[in-house]
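This report concerns only the one structure given below.
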Amino acid sequence: QRYRPDWASLDARPLPAWFDRAKVGVFVHWGVFSVPAWGSEWFWWHWRGEHRPDYERFVQLRYPPGTTYGDFAPRFTAHDFQPREWARLFQRAGARYVVLTTKHHEGFTNWGSPVSWNWNSLDTGPHRDLVGELGQALRESNIHYGLYHSLLEWFNPLYLADKESGFKTQNFVLKKTLPELYDLVLKYKPDLIWSDGDWEAPDSYWNSTSFLAWLYNDSPVKDTVVVNDRWCSNCSCHHGGYYNCADKYKPGTLSPHKWEMCSSIDKLSWGYRSNMNISELMDEASIIEELVQTVSFGGNYLLNVGPTKEGVIVPIFQERLLALGRWLDTNGEAIYESKPWRVQMENTTDTVWYTSRGALVYAIFLTWPQDSVLKLSSPTPSPATQVSMLGFAGTLKWQKSPGEGLLITLPYMLPSPLPPQPGWAVKLEGVK
């Protein structure tokens with residue numbers, strides 16, 4: 001089938017199956033914004049676009065007079081960037097795909113873009129192809145590779161001129177955005193394109209539909225590539241591949257369309273901040289809770305870290321990722337390749353969530369019941385029902401509930417000085 005460059009045709013393309021099966025990904029925000037490492041990855045915009053006094057004061061205090069944003073690029077060194085170490089960490093975190101910022105709204109490209117002269121990671125800063133190096137390491141680890149790419153660039157003169165014309169001219173798109181998108185696809189053959197920076201202009205300006213038609217019809221990744229929904233000012237939650245809708249999006253119900261929730265360990269920023277405080281970071285329990293809710297409602301979970309300018313993923317981020325991985329080592333059977341069940345959450349509580357695989361049903365509970373008896377009212381047991389707990393050998397005793405559902409006697413847990421793990425999963429066989 002050939003896809004036409006219109007949304008009716010493009011939206012009808014089936015989503016490649018690997019994406020729904022994957023469930024868990026890691027997002028990486030890395031760029032020149034990692035140099036000031038303050039405020040957020042929108043540093044340049046807050047400083048130069050909005051002239052926020054706190055940003056102007058920050059630069060005055062820390063950098064020589066007359067410093068420009070361009071002066072930060074040589075300090076973006078990536079001296080300690082070890083792509084294989086990153087890949088190993090992401091694998092241990094349980095990530096089935098990783099999305100790297102190839103270019104944020106600042107326009108600096110993490111590969112040697114031929115249309116970003118001297119504002120890319122080969123010509124200045126690291127003098128390395130960051131996109132290519134990470135891609136190779138991830139492929140060696142069998143992790144799908146996604147590329148984040150911003151359509152717009154805040155301060156690019158071509159973009160500003162097009163904007164001034166009410167987006168009647170397309171110089172920026174034809175000379176910058178599209179050449180870079182084609183280059184990324186042909187050079188790195190990504191499994192996913194995570195588009196962003198779409199909100200100011202219509203699809204007719206971005207030429208989104210013609211790019212996607214080429215991507216689906218003729219590109220080297222036409223059968224495997226997945227895209228999100230940020231391709232024009234009114235695309236989010238309506239057009240493209242799977243839906244992001246908004247950052248940290250939570251539909252709160254089962255969605256008929258495949259979607260993804262992107263979240264960040266640092267609750268205040270996607271890029272690295274040198275002054276972050278432990279209270280501003282997600283803890284293990286809230287990460288697991290977001291993951292479980294997201295997957296129960298049919299979504300994928302994309303968890304973000306921001307590396308330092310040297311290319312270090314700081315130990316607290318590593319610790320959070322490894323905690324997620326340990327939880328998935330035990331409970332991943334209830335997450336990976338699962339499908340939403342007929343009920344997503346236990347009707348009496350938001351601490352029990354359901355997933356399914358074929359005839360198997362998984363109940364994931366986030367708090368341990370006080371009497372060690374788990375009450376589930378949604379599943380209907382049968383004489384053939386068997387219950388087990390992921391990470392524990394053998395079956396669990398259960399009985400029919402006086403009302404509906406079943407009562408499951410959980411294994412005895414030894415009192416422990418360590419905090420309990422943030423969630424457990426029971427596997428139900430032979431229930432309806």
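Structure values in brief
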item: Search result, residues across the range 60-79 that are within 8 Å of G125 (Cβ to Cβ), among the hydrophobic types (A, V, I, L, M, F, W, C) and free of Cβ contacts under 8 Å to residues at least 60 places away in the same chain; result: A73
item: Among (1) modelled with pLDDT of 95 or more; (2) surrounded by fewer than 23 Cβ atoms within 10 Å (Cβ to Cβ) - the single one D371 does not satisfy; result: (1)
item: Any hit, the range 396-410, residues being outside any loop (DSSP other than H, G, I, E, B), of a type outside the set (F, W, Y) and surrounded by fewer than 14 Cβ atoms within 10 Å (Cβ to Cβ); result: yes
item: Check on G271, of a type outside the set (V, I, T) and on the phi > 0 side of the Ramachandran plot; result: no
item: Filter result for R88 (open to solvent by 10 Å² or more (accessible area, probe 1.4 Å), modelled with pLDDT of 95 or more, in a loop (DSSP other than H, G, I, E, B) and over 18 Å from W270 (Cα atoms)); result: no
item: Given (1) touching a Ser or Thr at 6+ places or on another chain (Cβ under 7 Å); (2) of a type outside the set (S, T, Y); (3) assigned to a loop (DSSP other than H, G, I, E, B), number of the condition R13 does not satisfy; result: (1)
item: Per-region count, the range 285-316, residues of a type in the set (A, V, I, L, M) and on the phi > 0 side of the Ramachandran plot; result: 0
item: For N142: the one exception among (1) under 23 Å from the mean Cα position of the chain (by Cα); (2) open to solvent by less than 70 Å² (accessible area, probe 1.4 Å); result: (2)
item: Among the residues listed as S378, S382, the single one being among the small types (G, A, S), outside any loop (DSSP other than H, G, I, E, B) and either touching a strand residue (DSSP E or B) at 6+ places or on another chain (Cβ under 6 Å) or closer than 30 Å to A17 by Cα (or both); result: S382
item: Count of residues meeting criterion [open to solvent by 10 Å² or more (accessible area, probe 1.4 Å) and in contact (Cβ under 8 Å) with a residue 24 or more places away in the chain] in the range 222-231; result: 3
item: The range 109-126 residues that are without any contact (Cβ under 8 Å) to a residue 40 or more places away in the chain, paired with ones that are β-branched (V, I, T) (beta carbon under 7 Å, 6 or more apart); result: N118/T124; N120/T109
item: Residues of the range 286-321 satisfying the condition of being under 28 Å from I364 (Cα atoms), open to solvent by less than 30 Å² (accessible area, probe 1.4 Å) and among the β-branched types (V, I, T); result: I287, I288, V292, T294, V295, V305
item: Criterion (of a type in the set (G, A, S), in contact with a strand residue (DSSP E or B) (Cβ under 7 Å, 6 or more places away or on another chain), crowded, with 16+ Cβ neighbours inside 10 Å and farther than 30 Å from S388 by Cβ) met by exactly one of S264, S269; result: S264
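Listed here are the residues, each with its yes/no results for (1) more than 22 Å from A425 (Cβ to Cβ); (2) free of Cβ contacts under 8 Å to residues at least 12 places away in the same chain; (3) in a helix (DSSP H, G or I).
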| residue | (1), (2), (3) |
| --- | --- |
| D247 | yes, no, no |
| L254 | no, no, no |
| L268 | yes, no, no |
| G271 | yes, no, no |
| S279 | yes, yes, yes |
| Q293 | no, no, yes |
| Y301 | no, no, no |
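The values are calculated or read from the model by the stated rules, or taken from the named source; none is laboratory data. Keep in mind it's a predicted model, so treat the numbers as computed, not measured. Note: ideal-geometry Cβ built from the backbone for every residue, glycine included; neighbour counts use all protein chains shown. Heads up: the accessible areas ignore ligands, DNA and RNA and are worked out on the full protein's heavy atoms, side chains in. Shrake-Rupley method; radii C 1.70, N 1.55, O 1.52, S 1.80 Å.
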